[in-house]
Amino acid sequence: MKPLLGVIDLQNIFGDSASGWFTPGFASILPQVRRLVAAFGPRVAFTRFLASEKPAGAWVKYYEQWPFALQPPDSRAYAVVDEFPVESTVDAYTFGKWTSEMAALVGDGGLVLAGVSTDCCVLSTALAAADAGVPVTVVSDACAGVSDESHEQTLAILRLYGPLVEVRTTDEVLAN
């Protein structure tokens, strides 16, 4: 089975420079994500991070720090950016998007990850999928972190998980 492209959290809340969660490299990765989406065709899943209606546990303190994010799932902030009109998404109230729904979509194939942020939701998804025995590829130039430095540091950490996790460029992924 062909791998699934997981496009992690390309949402307005991370792409809007006025947002407290703005990811500076967001716009720069869109051309690479566009190329990957075209190449993977129907084997693409877009994800969304959502705020729980009633945060519990450590999430209570988290949303005390980020109260602007306590918005309903249908808010414009949580929509995938308009450039990628998607009919359905894999939604989670957690950083990691390795959910039972994502696992079912991956099936016997591997998982290729692009999106934001490298140092949070991409990392959390990659490690959970790898722990589940799924081969994971993180596309370095199709991901962005909260800073260039943390993006590069996270990629270095992910490389330590080889061969369960590989870090490749868009060109390298498309060449396969």
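Derivation of every value follows stated rules applied to the coordinates shown; laboratory data play no part. None of the values given here were measured: they were computed from a predicted structure. Positions of Cβ are generated from backbone atoms using ideal geometry, with glycine treated the same way; all protein chains shown enter the neighbour counts.
Comparison of Gly57, Gly96, Gly20, Gly107 shows that the only residue that is small (Gly, Ala, Ser), touching a helix residue (DSSP H, G or I) at 6+ places or on another chain (Cβ under 9 Å) and surrounded by fewer than 16 Cβ atoms within 10 Å (Cβ to Cβ) is Gly20. Quick one: would you say Val165 is over 22 Å from Phe26 (Cα atoms) and touching a strand residue (DSSP E or B) at 6+ places or on another chain (Cβ under 6 Å)? Criteria met by Val165. Between Phe95, Phe14, Phe49, the distinction of being in contact with an Asp or Glu (Cβ under 6 Å, 6 or more places away or on another chain) and within 20 Å of Leu123 (Cβ to Cβ) belongs to Phe49 only.
Only one of these is over 13 Å from the mean Cα position of the chain (by Cα) and over 23 Å from Gly41 (Cα atoms): Pro72, Pro85. Name it. Before you say what the answer is, go through the steps one by one.
Working: Pro85 fails: over 23 Å from Gly41 (Cα atoms).
Among Pro72, Pro85, only Pro72 is over 13 Å from the mean Cα position of the chain (by Cα) and over 23 Å from Gly41 (Cα atoms).
Taken over the stretch 26-54, the residue count meeting the criterion of being in contact with a Lys or Arg (Cβ under 7 Å, 6 or more places away or on another chain) and buried (at least 20 other Cβ atoms within 10 Å of the Cβ) is 1.
Can you name every residue in the stretch 120-145 that is under 18 Å from Leu164 (Cα atoms), over 9 Å from the mean Cα position of the chain (by Cα) and not small (Gly, Ala, Ser)? Within the stretch 120-145, Leu127, Asp131, Val134, Pro135, Val136, Thr137, Val138, Val139 meet the criteria.
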